[in-house]
Amino acid sequence: MASAVGRWLLLAAAVAAVSLGFVLIALPTPLLFGGLVGALGYALARPAAPLALPGSWFKAGQAVVGAIVGSAVDWGTLAGLGARWLIVLGISCFALLVSVVVGSLLTRRGATPATAAFSSIAGGAIGLTAMADDLGADSRVIAALQYLRLLIVLLTMPVVVTSVFGASDQGGALSLVGGDWRVDVPFVALAIGGGVVLGKLLRLPSPALLGPLLVAAPLTLVPYFDGAQVPAVIAGLGYLAIGVQVGLKFTVGSLRSIGRMVPTAMLTIVVTLAACAGLGWILTLTTDATPLDAYLATTPGGIYAVMGTAASTGSDVTFVAAAQILRMLIVLALAPFVAAYFRGRTA
(Lines give C-alpha, C1' and ligand atoms only; values in the text may rest on other atoms or scores of the structure.)
Protein backbone atom coordinates (compact mmCIF):
# COMPACT_ATOMS: atom_id res chain seq x y z
CA MET A 1 0.00 0.00 0.00
CA ALA A 2 2.76 2.40 0.99
CA SER A 3 4.68 1.63 -2.18
CA ALA A 4 1.58 2.32 -4.29
CA VAL A 5 1.08 5.66 -2.55
CA GLY A 6 4.74 6.46 -3.13
CA ARG A 7 4.41 5.75 -6.85
CA TRP A 8 1.40 8.04 -7.15
CA LEU A 9 3.18 10.78 -5.21
CA LEU A 10 6.20 10.47 -7.50
CA LEU A 11 3.95 10.71 -10.54
CA ALA A 12 2.16 13.74 -9.07
CA ALA A 13 5.48 15.47 -8.36
CA ALA A 14 6.74 14.85 -11.90
CA VAL A 15 3.51 16.11 -13.46
CA ALA A 16 3.39 19.17 -11.20
CA ALA A 17 7.00 20.13 -11.92
CA VAL A 18 6.67 19.82 -15.69
CA SER A 19 3.28 21.56 -15.75
CA LEU A 20 4.65 24.48 -13.74
CA GLY A 21 7.54 24.81 -16.17
CA PHE A 22 5.17 24.85 -19.13
CA VAL A 23 2.96 27.45 -17.43
CA LEU A 24 6.00 29.68 -16.87
CA ILE A 25 7.01 29.55 -20.56
CA ALA A 26 3.38 30.13 -21.62
CA LEU A 27 3.05 26.90 -23.59
CA PRO A 28 -0.48 26.36 -24.97
CA THR A 29 -2.57 23.97 -22.82
CA PRO A 30 0.31 23.57 -20.33
CA LEU A 31 -1.55 21.12 -18.09
CA LEU A 32 -2.21 18.76 -20.99
CA PHE A 33 1.45 18.90 -22.03
CA GLY A 34 2.59 18.78 -18.42
CA GLY A 35 0.48 15.74 -17.66
CA LEU A 36 1.69 13.99 -20.79
CA VAL A 37 5.41 14.73 -20.41
CA GLY A 38 5.46 14.23 -16.64
CA ALA A 39 3.66 10.89 -16.88
CA LEU A 40 5.87 9.88 -19.80
CA GLY A 41 8.94 10.60 -17.69
CA TYR A 42 7.58 8.48 -14.84
CA ALA A 43 6.66 5.62 -17.19
CA LEU A 44 10.17 5.52 -18.65
CA ALA A 45 11.92 5.92 -15.29
CA ARG A 46 9.83 3.31 -13.46
CA PRO A 47 8.85 0.65 -16.04
CA ALA A 48 8.77 -2.02 -13.31
CA ALA A 49 6.18 -0.03 -11.32
CA PRO A 50 3.53 0.90 -13.89
CA LEU A 51 0.52 3.04 -13.05
CA ALA A 52 -2.76 3.63 -14.86
CA LEU A 53 -5.49 6.16 -14.21
CA PRO A 54 -8.93 4.75 -13.40
CA GLY A 55 -11.02 4.63 -16.56
CA SER A 56 -13.63 6.92 -15.02
CA TRP A 57 -11.01 9.68 -14.63
CA PHE A 58 -10.13 9.54 -18.30
CA LYS A 59 -13.81 9.54 -19.29
CA ALA A 60 -14.27 12.62 -17.11
CA GLY A 61 -11.37 14.26 -18.94
CA GLN A 62 -12.98 13.43 -22.28
CA ALA A 63 -16.27 14.93 -21.10
CA VAL A 64 -14.53 18.14 -20.05
CA VAL A 65 -12.86 18.44 -23.46
CA GLY A 66 -16.21 17.86 -25.16
CA ALA A 67 -17.76 20.65 -23.09
CA ILE A 68 -14.82 22.96 -23.88
CA VAL A 69 -15.18 22.40 -27.62
CA GLY A 70 -18.96 22.83 -27.43
CA SER A 71 -18.66 26.07 -25.46
CA ALA A 72 -16.27 27.41 -28.10
CA VAL A 73 -19.03 27.25 -30.71
CA ASP A 74 -20.17 30.85 -31.08
CA TRP A 75 -23.23 30.74 -33.31
CA GLY A 76 -23.08 34.46 -33.91
CA THR A 77 -19.48 34.12 -35.07
CA LEU A 78 -20.37 31.23 -37.38
CA ALA A 79 -23.22 33.31 -38.78
CA GLY A 80 -20.61 35.97 -39.49
CA LEU A 81 -19.36 33.83 -42.36
CA GLY A 82 -22.46 34.92 -44.25
CA ALA A 83 -22.45 33.92 -47.89
CA ARG A 84 -18.88 32.65 -47.51
CA TRP A 85 -19.84 29.67 -45.35
CA LEU A 86 -20.17 27.20 -48.24
CA ILE A 87 -16.73 28.09 -49.62
CA VAL A 88 -15.15 27.84 -46.16
CA LEU A 89 -16.91 24.50 -45.59
CA GLY A 90 -15.58 23.14 -48.88
CA ILE A 91 -12.04 24.35 -48.17
CA SER A 92 -12.16 22.86 -44.65
CA CYS A 93 -13.27 19.48 -45.99
CA PHE A 94 -10.59 19.55 -48.67
CA ALA A 95 -7.92 20.40 -46.08
CA LEU A 96 -9.09 17.40 -44.06
CA LEU A 97 -8.88 15.16 -47.12
CA VAL A 98 -5.39 16.39 -48.03
CA SER A 99 -4.05 15.83 -44.51
CA VAL A 100 -5.50 12.29 -44.37
CA VAL A 101 -4.05 11.38 -47.77
CA VAL A 102 -0.64 12.84 -46.95
CA GLY A 103 -0.74 11.20 -43.53
CA SER A 104 -1.06 7.78 -45.14
CA LEU A 105 2.72 7.98 -45.65
CA LEU A 106 3.05 7.22 -41.93
CA THR A 107 1.71 3.71 -42.51
CA ARG A 108 5.08 2.97 -44.13
CA ARG A 109 6.65 3.63 -40.73
CA GLY A 110 4.43 1.21 -38.85
CA ALA A 111 1.39 3.34 -37.99
CA THR A 112 -2.06 1.87 -38.53
CA PRO A 113 -4.21 3.71 -41.12
CA ALA A 114 -6.42 5.26 -38.42
CA THR A 115 -3.44 6.35 -36.34
CA ALA A 116 -1.73 7.81 -39.41
CA ALA A 117 -4.87 9.74 -40.36
CA PHE A 118 -5.51 11.17 -36.89
CA SER A 119 -1.83 12.06 -36.48
CA SER A 120 -1.96 14.19 -39.62
CA ILE A 121 -5.42 15.76 -39.55
CA ALA A 122 -5.14 19.55 -39.45
CA GLY A 123 -6.94 20.80 -36.35
CA GLY A 124 -8.73 19.40 -33.32
CA ALA A 125 -5.54 18.00 -31.75
CA ILE A 126 -6.89 17.80 -28.19
CA GLY A 127 -10.17 16.21 -29.25
CA LEU A 128 -8.45 13.68 -31.51
CA THR A 129 -6.01 12.71 -28.77
CA ALA A 130 -8.86 12.32 -26.28
CA MET A 131 -10.97 10.07 -28.51
CA ALA A 132 -8.14 8.14 -30.22
CA ASP A 133 -8.27 5.01 -28.07
CA ASP A 134 -12.06 4.82 -28.37
CA LEU A 135 -11.70 4.81 -32.16
CA GLY A 136 -8.99 2.15 -32.29
CA ALA A 137 -6.03 4.49 -32.88
CA ASP A 138 -2.81 4.92 -30.88
CA SER A 139 -3.16 8.01 -28.68
CA ARG A 140 0.59 8.08 -27.98
CA VAL A 141 1.55 8.51 -31.63
CA ILE A 142 -1.29 10.95 -32.24
CA ALA A 143 -0.38 13.13 -29.26
CA ALA A 144 3.30 13.25 -30.21
CA LEU A 145 2.79 14.03 -33.90
CA GLN A 146 -0.18 16.37 -33.49
CA TYR A 147 1.76 18.53 -31.06
CA LEU A 148 4.82 18.44 -33.28
CA ARG A 149 2.61 20.02 -35.95
CA LEU A 150 1.23 22.51 -33.44
CA LEU A 151 4.75 23.50 -32.39
CA ILE A 152 5.77 24.10 -36.01
CA VAL A 153 2.62 26.14 -36.66
CA LEU A 154 3.26 28.30 -33.59
CA LEU A 155 6.90 28.87 -34.57
CA THR A 156 6.26 29.68 -38.24
CA MET A 157 3.09 31.78 -37.92
CA PRO A 158 4.73 34.97 -36.56
CA VAL A 159 7.44 34.75 -39.23
CA VAL A 160 4.91 34.34 -42.05
CA VAL A 161 2.61 37.07 -40.72
CA THR A 162 5.41 39.65 -40.51
CA SER A 163 7.67 38.69 -43.43
CA VAL A 164 5.11 37.58 -46.03
CA PHE A 165 2.13 39.78 -45.18
CA GLY A 166 4.01 42.68 -43.59
CA ALA A 167 1.61 42.75 -40.64
CA SER A 168 2.52 44.34 -37.33
CA ASP A 169 1.08 44.37 -33.83
CA GLN A 170 -1.68 46.99 -33.75
CA GLY A 171 -2.40 46.61 -30.07
CA GLY A 172 -5.53 44.50 -30.30
CA ALA A 173 -6.06 41.66 -27.88
CA LEU A 174 -8.21 38.56 -27.70
CA SER A 175 -10.24 38.54 -24.51
CA LEU A 176 -10.01 35.27 -22.63
CA VAL A 177 -11.22 36.62 -19.29
CA GLY A 178 -12.97 34.08 -17.10
CA GLY A 179 -16.76 34.09 -16.89
CA ASP A 180 -19.31 34.03 -14.07
CA TRP A 181 -19.15 30.81 -12.03
CA ARG A 182 -22.92 31.07 -11.41
CA VAL A 183 -23.36 30.58 -15.15
CA ASP A 184 -20.34 28.40 -15.91
CA VAL A 185 -20.83 25.73 -13.23
CA PRO A 186 -24.44 24.84 -14.13
CA PHE A 187 -23.45 24.99 -17.80
CA VAL A 188 -20.72 22.41 -17.24
CA ALA A 189 -23.01 20.24 -15.11
CA LEU A 190 -25.71 20.17 -17.77
CA ALA A 191 -23.27 19.73 -20.67
CA ILE A 192 -21.33 16.89 -19.06
CA GLY A 193 -24.19 15.19 -17.20
CA GLY A 194 -26.66 15.41 -20.07
CA GLY A 195 -23.98 14.81 -22.67
CA VAL A 196 -22.71 11.55 -21.20
CA VAL A 197 -26.29 10.23 -21.02
CA LEU A 198 -26.99 11.37 -24.59
CA GLY A 199 -23.77 9.83 -25.87
CA LYS A 200 -24.71 6.45 -24.41
CA LEU A 201 -28.33 6.62 -25.62
CA LEU A 202 -27.23 7.46 -29.16
CA ARG A 203 -24.41 4.89 -28.96
CA LEU A 204 -21.95 7.46 -30.21
CA PRO A 205 -18.33 6.50 -30.78
CA SER A 206 -16.37 8.12 -27.95
CA PRO A 207 -19.65 9.01 -26.18
CA ALA A 208 -17.94 10.71 -23.23
CA LEU A 209 -16.49 13.36 -25.57
CA LEU A 210 -19.03 13.72 -28.38
CA GLY A 211 -22.08 13.65 -26.09
CA PRO A 212 -21.06 16.71 -24.02
CA LEU A 213 -20.02 18.47 -27.23
CA LEU A 214 -23.48 17.91 -28.75
CA VAL A 215 -25.17 19.24 -25.60
CA ALA A 216 -22.81 22.16 -24.89
CA ALA A 217 -22.96 23.66 -28.40
CA PRO A 218 -26.74 24.28 -28.53
CA LEU A 219 -26.80 25.09 -24.80
CA THR A 220 -24.88 28.29 -25.57
CA LEU A 221 -27.99 29.50 -27.43
CA VAL A 222 -29.90 29.68 -24.13
CA PRO A 223 -29.77 33.35 -23.05
CA TYR A 224 -28.71 32.48 -19.50
CA PHE A 225 -25.69 30.56 -20.83
CA ASP A 226 -24.62 33.19 -23.34
CA GLY A 227 -20.83 33.41 -23.05
CA ALA A 228 -20.62 30.41 -20.71
CA GLN A 229 -17.36 28.50 -20.63
CA VAL A 230 -15.70 25.70 -18.73
CA PRO A 231 -14.02 27.14 -15.58
CA ALA A 232 -10.24 27.08 -15.74
CA VAL A 233 -9.91 24.69 -12.79
CA ILE A 234 -12.24 22.12 -14.35
CA ALA A 235 -10.63 22.53 -17.77
CA GLY A 236 -7.19 22.07 -16.24
CA LEU A 237 -8.21 18.87 -14.45
CA GLY A 238 -9.69 17.50 -17.65
CA TYR A 239 -6.54 18.27 -19.61
CA LEU A 240 -4.42 16.71 -16.86
CA ALA A 241 -6.44 13.49 -16.90
CA ILE A 242 -6.00 13.07 -20.64
CA GLY A 243 -2.32 14.01 -20.63
CA VAL A 244 -1.46 11.67 -17.75
CA GLN A 245 -3.43 8.78 -19.24
CA VAL A 246 -1.63 9.07 -22.57
CA GLY A 247 1.78 9.67 -20.99
CA LEU A 248 1.60 6.58 -18.78
CA LYS A 249 1.19 4.40 -21.88
CA PHE A 250 4.61 5.28 -23.27
CA THR A 251 7.45 2.78 -23.26
CA VAL A 252 10.99 2.93 -24.60
CA GLY A 253 9.85 0.80 -27.52
CA SER A 254 6.92 3.07 -28.38
CA LEU A 255 9.18 6.13 -28.26
CA ARG A 256 11.59 4.48 -30.67
CA SER A 257 8.72 3.68 -33.01
CA ILE A 258 7.52 7.28 -32.89
CA GLY A 259 11.07 8.52 -33.42
CA ARG A 260 11.26 6.54 -36.65
CA MET A 261 8.07 8.30 -37.80
CA VAL A 262 9.30 11.84 -37.15
CA PRO A 263 11.11 12.42 -40.50
CA THR A 264 8.03 11.27 -42.41
CA ALA A 265 5.80 13.26 -40.06
CA MET A 266 7.86 16.39 -40.78
CA LEU A 267 7.28 15.85 -44.49
CA THR A 268 3.51 15.48 -43.98
CA ILE A 269 3.46 18.62 -41.83
CA VAL A 270 5.30 20.68 -44.46
CA VAL A 271 2.98 19.43 -47.21
CA THR A 272 -0.08 20.14 -45.06
CA LEU A 273 1.14 23.67 -44.28
CA ALA A 274 1.75 24.31 -47.98
CA ALA A 275 -1.64 22.88 -48.94
CA CYS A 276 -3.43 25.03 -46.35
CA ALA A 277 -1.58 28.11 -47.59
CA GLY A 278 -2.74 27.23 -51.11
CA LEU A 279 -6.31 26.89 -49.87
CA GLY A 280 -5.95 30.30 -48.24
CA TRP A 281 -4.97 31.74 -51.63
CA ILE A 282 -8.10 30.16 -53.16
CA LEU A 283 -10.13 31.75 -50.36
CA THR A 284 -8.85 35.20 -51.35
CA LEU A 285 -9.88 34.56 -54.96
CA THR A 286 -13.39 33.37 -54.12
CA THR A 287 -14.30 35.71 -51.24
CA ASP A 288 -13.57 39.23 -50.06
CA ALA A 289 -11.10 37.95 -47.44
CA THR A 290 -7.70 39.64 -47.36
CA PRO A 291 -4.63 37.42 -47.88
CA LEU A 292 -3.76 37.67 -44.17
CA ASP A 293 -7.31 36.81 -43.08
CA ALA A 294 -7.34 33.84 -45.46
CA TYR A 295 -3.96 32.59 -44.22
CA LEU A 296 -5.05 32.76 -40.58
CA ALA A 297 -8.41 31.15 -41.37
CA THR A 298 -6.74 28.15 -43.00
CA THR A 299 -3.73 27.76 -40.66
CA PRO A 300 -3.75 24.08 -39.58
CA GLY A 301 -4.13 24.29 -35.82
CA GLY A 302 -3.32 26.48 -32.84
CA ILE A 303 -6.77 28.08 -32.83
CA TYR A 304 -6.25 30.39 -29.84
CA ALA A 305 -2.84 31.53 -31.06
CA VAL A 306 -4.38 32.14 -34.49
CA MET A 307 -7.22 34.22 -33.05
CA GLY A 308 -4.80 36.12 -30.84
CA THR A 309 -2.66 36.92 -33.89
CA ALA A 310 -5.76 38.00 -35.82
CA ALA A 311 -6.75 40.37 -33.01
CA SER A 312 -3.27 41.86 -32.59
CA THR A 313 -2.79 42.48 -36.33
CA GLY A 314 -6.19 44.08 -36.89
CA SER A 315 -7.48 41.18 -38.99
CA ASP A 316 -11.11 40.06 -39.25
CA VAL A 317 -11.27 38.05 -36.01
CA THR A 318 -14.89 37.02 -36.56
CA PHE A 319 -14.15 35.48 -39.95
CA VAL A 320 -10.93 33.81 -38.80
CA ALA A 321 -12.54 32.38 -35.65
CA ALA A 322 -15.58 31.11 -37.56
CA ALA A 323 -13.45 29.33 -40.16
CA GLN A 324 -11.22 27.75 -37.49
CA ILE A 325 -14.16 26.62 -35.32
CA LEU A 326 -16.00 25.21 -38.33
CA ARG A 327 -12.98 23.12 -39.31
CA MET A 328 -12.53 21.86 -35.75
CA LEU A 329 -16.18 20.74 -35.63
CA ILE A 330 -15.86 19.02 -39.00
CA VAL A 331 -12.75 17.15 -37.82
CA LEU A 332 -14.37 15.87 -34.63
CA ALA A 333 -17.64 15.02 -36.39
CA LEU A 334 -15.95 13.05 -39.18
CA ALA A 335 -13.26 11.34 -37.07
CA PRO A 336 -15.48 8.35 -36.14
CA PHE A 337 -16.39 7.82 -39.79
CA VAL A 338 -12.74 8.01 -40.84
CA ALA A 339 -11.89 5.39 -38.21
CA ALA A 340 -14.78 3.17 -39.30
CA TYR A 341 -13.66 3.43 -42.93
CA PHE A 342 -10.15 2.28 -42.13
CA ARG A 343 -11.42 -0.51 -39.88
CA GLY A 344 -13.55 -1.75 -42.76
CA ARG A 345 -10.60 -1.71 -45.14
CA THR A 346 -8.33 -3.63 -42.78
CA ALA A 347 -10.94 -6.13 -41.60
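Against the conditions (1) at pLDDT 90 or above; (2) crowded, with 18+ Cβ neighbours inside 10 Å; (3) in contact with a helix residue (DSSP H, G or I) (Cβ under 6 Å, 6 or more places away or on another chain), Leu273 satisfies every one except (3). Which ones in the stretch 314-324 are surrounded by fewer than 24 Cβ atoms within 10 Å (Cβ to Cβ) and closer than 27 Å to Asp138 by Cβ? None - no residue of the stretch 314-324 is surrounded by fewer than 24 Cβ atoms within 10 Å (Cβ to Cβ) and closer than 27 Å to Asp138 by Cβ, so the list stays empty. Among the conditions (1) at pLDDT below 90; (2) under 30 Å from Leu148 (Cα atoms); (3) not charged (D, E, K, R), Leu221 misses just one, which is (2). When the stretch 293-316 is examined, which residues are found to be assigned to a helix (DSSP H, G or I) and of a type in the set (D, E, K, R)? Listed by number, the list holds a single entry, Asp293. State yes or no: is Val161 surrounded by 20 or more Cβ atoms within 10 Å (Cβ to Cβ), modelled with pLDDT under 90 and more than 30 Å from Val15 (Cα to Cα)? In short, yes. In the condition set (1) of a type outside the set (Ser, Thr, Tyr); (2) closer than 22 Å to Leu154 by Cα; (3) more than 15 Å from the chain's Cα centre (by Cα); (4) at pLDDT 90 or above, Leu106 is compliant with all but (2).
So which residues in the stretch 9-50 are in a loop (DSSP other than H, G, I, E, B) and surrounded by 14 or more Cβ atoms within 10 Å (Cβ to Cβ), if there are any at all? Answer for the stretch 9-50, where residues must be in a loop (DSSP other than H, G, I, E, B) and surrounded by 14 or more Cβ atoms within 10 Å (Cβ to Cβ): Leu27, Pro28, Thr29, Arg46, Ala49. Residues in the stretch 170-212 that are surrounded by 12 or more Cβ atoms within 10 Å (Cβ to Cβ) and farther than 27 Å from Pro223 by Cβ were compared, and the one that is modelled with the highest pLDDT is Lys200. Could you tell me whether Val65 is crowded, with 21+ Cβ neighbours inside 10 Å and touching a residue at least 40 places away in the same chain (Cβ under 8 Å)? For Val65, the condition - crowded, with 21+ Cβ neighbours inside 10 Å and touching a residue at least 40 places away in the same chain (Cβ under 8 Å) - is met. Set side by side, the residues Leu11, Leu20, Leu51 differ, and just one is at pLDDT 90 or above and more than 22 Å from the chain's Cα centre (by Cα), which is Leu11.
Taking residues in the stretch 91-118 that are on the phi < 0 side of the Ramachandran plot, and partners anywhere that are at pLDDT 90 or above and in a loop (DSSP other than H, G, I, E, B), the pairs with Cβ atoms closer than 6 Å and at least 6 places apart or on different chains are Ala114/Ala137; Thr115/Ala137; Thr115/Asp138; Phe118/Ala137.
Hey, does the stretch 136-156 have a residue that's at pLDDT below 80 and among the acidic types (Asp, Glu)? No, because not a single residue in the stretch 136-156 is at pLDDT below 80 and among the acidic types (Asp, Glu).
The values are calculated or read from the model by the stated rules, or taken from the named source; none is laboratory data. Please read these numbers as outputs of a predicted model, since none were measured by experiment. Please note: Cβ atoms are built from the backbone with ideal geometry, for glycine as well, and neighbour counts cover all protein chains shown.
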